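This report concerns only the one structure given below.
All of the numbers you see were taken from the coordinates with simple rules; none came from a lab. Bear in mind that the values here come from a model prediction, so they are computed numbers and not experimental data. Every residue, glycine as well, gets a Cβ built from its backbone with ideal geometry; the counts of neighbours run over all protein chains shown.
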Amino acid sequence: MESLRITLEQSEIPTHWYNVVADLPHPPPPPLGPDGKPVAAEQMGLIFPTAILEQEMSAERWIPIPDAVREVYRLWRPSPLIRARRLEELLGTPARIYYKYEGVSPAGSHKPNTAVPQAFYNRQAGIRRITTETGAGQWGCSMAFAGQMFGLDVRVYMVKISYQQKPFRRSMMQTWGAEVFASPSPMTQTGRDLLAKDPANQGSLGIAISEAVEEAASRPDTSYALGSVLNHVALHQTIIGQEAKAQFAKVGDWPDVVFAPCGGGSSFAGAAFPFLADNAAGGRQGRPTRLVAVEPTSCPTLTKGTYAYDFGDASGFTPLMKMYTLGHDFMPPGIHAGGLRYHGDSPLVSQLYHDGLIEAVAVSQLATFEAGVTFARAEGVIPAPESNHAIRAAIDEALRCKTNGEARTILVNLTGHGHFDMAAYDRYFAGELEDFEYPVEAIRDSLKRLPKVG
Ligand SMILES: *Cc1c(COP(=O)(O)O)cnc(C)c1O
């Protein structure tokens, strides 16, 4: 019988992460400080341990995964690659659809792939505490879990509106021993100033980042951790694509196209980057694997943004990074429930897109939930709303294959399960979600406030 679930032995967990910087056509533009000069390592050293900074700036192709990290990965890795046979039958497509299922991690998404090494390197550097921010709670949960694995205290600044509306992700973080504060909080100067002005401030990711960074910078025993965007995060996520390659090799198949959701870009990077090395050599099947980042039409960073230096956060607190951006104070419309709300994108993903080595597509909200429900009914797994973006694009591709009679192989990065996102599904079922066309005015407006560089 043909196997639906392609597994690897625990001994086959990759021993190295793949660093795409080694294979880029030109070196990545450096992050810049407020003076327009490259940020000094000492400055970043205030909030990140040396091992993480080295990875952030490394151009080495292969970076060894510490044994202690592989040991924790073994709790859920290698993650399964699953052939979505029932979905193929339902669509009547000649395409073969596979999904790499990252929802099997303790926190339910791909984010622990980087939270675990970040906790390890901090612990190794003698750090006792980690501060971080979280919006919907996926990253906070992953960091809380990883901190627990290495005996680190974790403090999470959670955007106040989510803190109130997503109580279960907060309970998960607390179960893993983290302290969770509704942001803006009275714990930091940033928070106190904002609360003095407006005690009802509902918070934002930018404010939460500012609070977490302020606390980390003010204490030598405390570091800050970020769950996407940065080079070291993309690096850690390459475990996904490397495992997928080994799994495809096992069944003698190979993807013609890879779809991954794209918010800050880490899960896309993780699934796609390992295939770029093969693409550079012409591809395994005599043609390159197409690598497609899928984003929402209401926050269309790659497809409608500008490639420019911009701040990583809304308050202009972080260094400037060269990336596709909608402007650092761009906010997607309130009706948008599908996640992937970040205004910018990973500088590495941005550079590859700018160079034409990867593709991007934007999909609209209702279509993503429709795809998620179709997928759940065919395959059983209820995907996270973010993952639904990749599933939408994969279904569209499978339907094109049906029209053209092409037996293509499709890989979907199914980044997480949706068990804690059922309120968003509820809104979809109740007809409360709308499609929101790309907000031309809002983007034009926020792009006017791009920082001037050079
Ligand atoms: C955070 C998250 C994403 C988006 O973040 P990236 O850094 O772009 O990967 C996608 N899927 C799930 C399930 C997430 O939790």
Handout entry: Packing rank of 102-108, 370-376, where each peptide gets the mean count of other beta carbons within 10 Å, highest leading
Key = 102-108, 370-376
Problem - Backbone N within segment 1-42 under 17 Å of label point (7 Å from Trp62 Cα along the Cβ vector) - result: 11-23
Practice task
Kindly state, to the nearest 0.05, the FRET efficiency for Arg85 paired with Arg128, given R0 = 51 Å and r defined as their beta-carbon distance.
Solution key: 0.55
Exercise for the section: Scan around Val180 for amide H atoms under 5 Å from its own, H built in the peptide plane at 1.01 Å from N, and keep only partners 5 or more places away or cross-chain. Expected result: Val156
Problem - Distance histogram for segment 1-105 (every C-alpha pair counted, 10 angstrom bins, percent rounded to whole numbers) - result: 11, 26, 26, 22, 12, 3, 0
Exercise for the section: Beyond 13 Å, what share of the Cα-Cα pairs of segment 118-190 is found? Please give it as a whole percent. Expected result: 59
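Using square roots of five times the C-alpha gyration tensor eigenvalues, list the equivalent-ellipsoid semi-axes of the chain in whole Å, biggest first.
Details: eigenvalues 205, 121, 101 Å².
Whole-Å semi-axes of the equivalent ellipsoid: 32, 25, 23.
From the mean inverse distance of alpha carbon pairs (Kirkwood) and the Cα radius of gyration, derive Rg over Rh for segment 140-282. Don't jump to the answer; show the numbers that get you there.
Working: Rg = 19.1 Å, Rh = 17.5 Å.
Checking Rg against Rh, the ratio lands at 1.09.
How much length, in nm to one decimal, is gained on full extension between Glu406 and Gln189, taken as 0.36 nm per residue of separation minus their Cα-Cα distance?
Details: separation 217, 0.36 × 217 = 78.12 nm, distance 5.90 nm.
Result for the pair: 72.2 nm of gain on full extension.
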Completion exercise
CD proxy, 222 nm, the chain: helix-only mean residue ellipticity via -39,500 (n - 2.57) per DSSP H run with n ≥ 4, per residue, nearest 500, stands at -12000 deg cm²/dmol
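With the cut-off at 20 Å, tell me which of the pairs Lys322/Lys448; Lys245/Lys402; Lys160/Lys197 have Cα atoms farther apart than that. Don't skip to the answer; put the middle values down first.
Values: Lys322/Lys448 16 Å; Lys245/Lys402 25 Å; Lys160/Lys197 16 Å.
Too far apart for the 20 Å limit: Lys245/Lys402.
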Problem - For peptides 360-368, 390-398, 7-15, 403-411, sequence by mean Cβ density within 10 Å, most packed first - result: 390-398, 360-368, 403-411, 7-15
Handout entry: Extension gain from Asp435 to Asp221, taking 0.36 nm per residue of separation minus the Cα-Cα distance
Key = 72.4 nm
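Under 13 Å from the Cβ of Glu12, count the other residues' Cβ atoms, weight Lys and Arg +1, Asp and Glu -1, and hand me the total. Walk me through the numbers before you get to the answer.
Working: positive: Arg70, Arg74, Arg77, Lys245, Lys250; negative: Glu9, Glu243.
Net local charge, Glu12 excluded: +3.
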